[in-house]
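The structure appears below as C-alpha cells.
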Amino acid sequence: MYAIARQRILGQSFQKMRPAVSVLRSYSSAAKQITVRDALNSALDEEMSADPKVFLMGEEVGEYQGAYKITKGLLEKYGPERVLDTPITEAGFTGIGVGAAYYGLKPVVEFMTFNFSMQAIDHIINSAAKSNYMSAGQISVPIVFRGPNGAAAGVGAQHSQCYASWYASCPGLKVLSPYNSEDARGLLKAAIRDPDPVVFLENELLYGESFPVSDEVLDSSFCIPIGKAKIEREGKDVTITAFSKMVGYALKAAEILEKDGIYAEVINLRSIRPLDRSTINTSVRKTNRLVTVEEGFPQHGVGAEICASVVEESFAYLDAPVERIAGADVPMPYAANLERMAVPQIEDIVRAAKRACYRSVPLAAAA
Amino acid sequence: MALSQLASSSPSRSVNLLKPLLSAISLHRPISTDTTPITVETSVPFTAHQCEAPSRTVQTNAQELLNFFRDMAVMRRMEIAADSLYKAKLIRGFCHLYDGQEAVAVGMEAALTKKDCIITSYRDHCTFVGRDGTLLEVFAELMGRQAGCSKGKGGSMHFYKKDSNFYGGHGIVGAQVPLGCGLAFAQKYCKDEAVTFALYGDGAANQGQLFEALNISALWNLPAILVCENNHYGMGTAEWRAAKSPAYYKRGDYAPGLKVDGMDALAVKQACAFAKEHALKNGPIILEMDTYRYHGHSMSDPGSTYRTRDEITGVRQERDPIERIRKLILLHDLATEKELKDIEKEVRKEVDDAIAQAKENPVPEPSKLFSDVYAKGLGVESFGADRKEVRATLA
C-alpha cells in the first residue's frame, strides 16, 4: 500500500505537467520506456520465478513464443512443465486449468483472444467464479485468464468483441483491464498473486506501445491494488471514464478539450470488477458531468453500470445527463471505413464531453 | 457364483470349512477385524480395450467385506431417507439419488487413499460419504443448514471435502472431467504420486470437453482415470438413443479402457487398483462401470416412463450390490444373518439420528449471503436485491 501511495503522488505531479502520453519525460535519471508487451512478459517472468506454483498454459505460448510474443522466452527459462502448449481446445484446457487451481496451483491460462473464451465460458463462470461460494470457502480458485480483448484492426466480427461487461457482471470473478505498461505490470502481478479467478483483458493494439515506467514499477515486488481506479489526468469540468485502449483516446480528447477551455478529468478504471465506484463518484461530485467510454457493445455495457452507479449515488451532483460513448451496436464490420465507425474515435469523446458541458455542436444528420 | 468358488482352489478354502465348527464353539467372534485373505471371483470377467484385463480373482477379507456391507447400507439408507425428506419438502431444488450404484463408491475407496482425488457429477451424496463425509454434513446441506458440508450455500449438487481430496459435486454435465484432468495435472506437477478419478455418466460420455481433456491428458501423460458410471440412462434417454457407440470403455480410442460390473464392489476395487497403477505410469485410462440407479434421474423423475418396472425390479433381484456382499459374507460365514440385520438396524438409527440433528440445525445467518464470494474480498461492496437497503463489504 505504501508503494502505491508513493506512486500516486509521483503520478499526480506527473499528470499536471505531462502533455501527451507519447512524449518521454525523465524526472529521474533512470526513467525508462517499456512496451506493454515487455511489461506483461516481465510480470509473468517475475511471478513464475517467485512462486513455483505459477504455470502458463495456452495455444502457442511455448515454442511459438506466444501468438503475440507475450510469453517470449519463458519456455526456455522455465521448461515445458511450466509453460504448456495446448491443442486448440479451449473448453478442455480451461477446465484443466481450473482443476489445477482447485488443487492449489496457480495457472495463467491464455486465450489467444477473448473471443475464444466463449468456448470455455462455462468453466470460467460455473467452475471457477462460483466455486468458492458454493463450497463455502473450501475450494478457492487462484487462476488468471488473460489475453487480448476487444477490437484489433480489420479482424472482423468474430474476432473483435469486448467481453468486459459480460465477465464483470459475474460475482466471484475479478476483471482487470490495463492501459499502459505500468498497469500491465502491476495488475498482472496482482492478478497472479490474487487467490480468486481473475479475467485479465489486454489489448492487442497496445502491446507494441511504449510507456515510461519508474524504477518502482520495474521492481519485482511492484503491484497495483485490485479495485482501484487511477486518475490519469485531473480536471474540474467533466469526468471521463475509460479502460484499456480508450484511456489513450480519452487523454487525447482531454488535450483537445483543454484548448476549448474544458478541463476533463480522465479516470483509468484499471479494475472493471470490482468497479471503483468511490473514485468515480468522487470525481463526478467534483465535475458534475460524466462521459463513459468503452469499446464494447453499448447495451448492458460497462458505461451503463457506471451511469447507474452515479445516478444512484450522486444524482444531486449531476448537472447534465450522463453521456455514453461505446462501440457501435453492430457486429464489427470489415471495411476500414465502416470499422472506423464501429469503434469510438477521439472526436466522439470530445463531442460527448462538450454535450455534457452544454457546449455541443448541432447533431449530425442520421446515416 | 458358488460354482466358480468351488472351482478355484485356494488354501483359504480349507480354513473356511472349519469356520462353522469354530463359530459353534466360540461365543464371541470378532466379525470386522479379521484380515485373513479370502479370494473371490468377480461376477463377470473384465472386458479390456487396448490393455490386458486384470484377473477376475480378487483378494479380500472379512473386515473389508463387512465394511463394504456397512458402508453401502449407510449409503442406501441415506438416499432413501433423502427421498422422504424431499417429498416432505425439507429438501428443495434438485436431488439426484445414487441408490443402486453404491458399489462404485465403496469399491473405489477400497482401492484408493485419501491422497488420490475424486471428482464427480451432481449425483454426489454417496461419493462424498465414501470420502469420509458425515451423515450430518449430508442432511444439513440438503436441508440448507449451517452444519452442511458447504454450510448450506451449495445444496445437493455441491458437496465438497477438500481435506479428503473430494472436489465435488458439479452441476454442469461433463464439466467435472476436464476439472478432474486438471487435478491429475496438479498431482503430477507436485510429484504427489497420486491419481485422480473423474466420474461421469453415460449422458456426459458424449460431451466434447471430455475428449478434449482426454486428448490433453494422454499427450501430457496425466494420472487421470475417467470413470463412466453407466447406469444406461442419461436422464430419460437410454444409452442407445444418445450414443452411436455405447461401448464407453472403448470411446477413448487411443486410451485404454476396461468394462467393469459396477454392481460388484470387488470388481470395482480390482479395476480401480489396476487403473491407478496404470495411470501413474502410462497416463489416462477409462473405466466403464456397468451400474444402475433405482431412482429416476432426480426426484422430479419417477424413472418409470422410460424404463419398465420389471427392469428395475429385475436388477434389484439379480444384481443388487448390497445383496451380493451379504451373500458373500454369509457364504464365507463371516457373520450371521442376524448380525447383518443388526448392522442394518444400527445404520438406520444412525441415519435417523443424523436427520434429527440436521433438522435442529439452524439455517445460515443472513450475513452469509455475502460470505465467500471471494477468497479475498478486498473490502469491496456487494449488494442485495435493493441496494439502498442491503449492502455488504466483502472481507
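Just so you know, all these numbers are worked out from the coordinates, no wet-lab data involved. Computed from a prediction, not measured in an experiment: that's the story for all the values here. Methodologically, a virtual Cβ is constructed for each residue, glycine included, from the backbone with ideal geometry; neighbour enumeration extends over all protein chains shown.
List of remarks:
- A simple rule links phi to the HN-Hα coupling: the Karplus curve 6.51 cos²θ - 1.76 cosθ + 1.60 with θ = phi - 60°, which for segment A:232-247 gives 6, 8, 7, x, 10, 9, 8, 9, 10, 9, 7, 8, 6, 4, 5, 5 Hz, with x for Gly and Pro.
- Helix-only mean residue ellipticity at 222 nm for the protein assembly as shown, each DSSP H run of n ≥ 4 adding -39500 (n - 2.57), per residue, nearest 500: -12000 deg cm²/dmol
- Backbone phi angles across segment B:96-108, fed through the Karplus curve with coefficients 6.51, -1.76 and 1.60 (θ = phi - 60°), yield HN-Hα couplings of 10, 9, 10, 5, x, 9, 3, 4, 5, 5, 6, x, 5 Hz in residue order; Gly and Pro are listed as x.
- Over 24 Å (Cα to Cα) - which of B:161/B:191; A:259/A:354; B:151/B:188; B:114/B:281; A:174/B:368; B:151/B:359 fall in this group: B:151/B:188
- Shielding value for B:375-382 is 6, the average number of Cβ atoms from other chains within 10 Å of each residue's Cβ.
- Low-density loop cleavage sites - trypsin sites (Lys or Arg not before Pro) in segment A:202-305, where at most 15 other Cβ are within 10 Å (DSSP): A:236
- Neighbour-limited loop hits for chymotrypsin sites (Phe, Trp or Tyr not before Pro), segment B:240-298 (at most 14 other Cβ within 10 Å; DSSP other than H, G, I, E, B): B:254
- Placing a pseudo-label 7 Å from each Cα along the Cα-to-Cβ vector at residue B:33 and residue A:31 gives an inter-label distance of 8.0 nm.
- Per-residue HN-Hα couplings for segment B:330-346 [Karplus 6.51, -1.76, 1.60; θ = phi - 60°; Hz; x = Gly/Pro]: 5, 4, 8, 6, 8, 6, 8, 4, 5, 4, 5, 5, 5, 4, 5, 5, 4
- Average other protein chain Cβ within 10 Å of Cβ, residues A:126-132: 5
- Helix A:36-50 and the longest principal axis of the Cα set of chain A meet at an angle near 40°.
- Taking every residue in A:273-280 and counting other chain Cβ atoms within 10 Å of its Cβ, the average works out to 2.
- The spacing between segment B:329-348 and segment A:51-114, judged by their C-alpha centroids, is 54 Å.
- In degrees, nearest ten, helix A:302-314 long axis to first principal axis of chain A (Cα): 60 degrees
- For chain A, the longest principal axis of the Cα atoms and the long axis of helix A:346-356 meet at an angle of about 50 degrees.
- Coil-residue trypsin sites (Lys or Arg not before Pro) of segment B:232-326, DSSP, other Cβ within 10 Å capped at 11: B:244
- Computed from the Cα positions only, the extents of the protein assembly as shown along the three principal axes stand at 107, 54, 51 Å, in decreasing order.
- Placed amide H near residue A:150: partners under 5 Å, 5+ positions off or other chain: A:114, A:161, A:162, A:163
- A simple spin-label model places the labels of residue B:336 and residue A:155 7.7 nm from each other, with each point 7 Å out along Cα-to-Cβ.
- Between residue B:168 and B:120, B:161, the built amide H atoms are under 5 Å apart, and every one of these is 5 or more places off in sequence or on another chain.
- Least to most buried among B:245, B:150, A:214 (fewest other Cβ within 10 Å first): B:245, A:214, B:150
- Ordered from longest to shortest, the equivalent ellipsoid semi-axes for segment A:249-367 are 23, 18, 13 Å, each the square root of 5 times a Cα gyration tensor eigenvalue.
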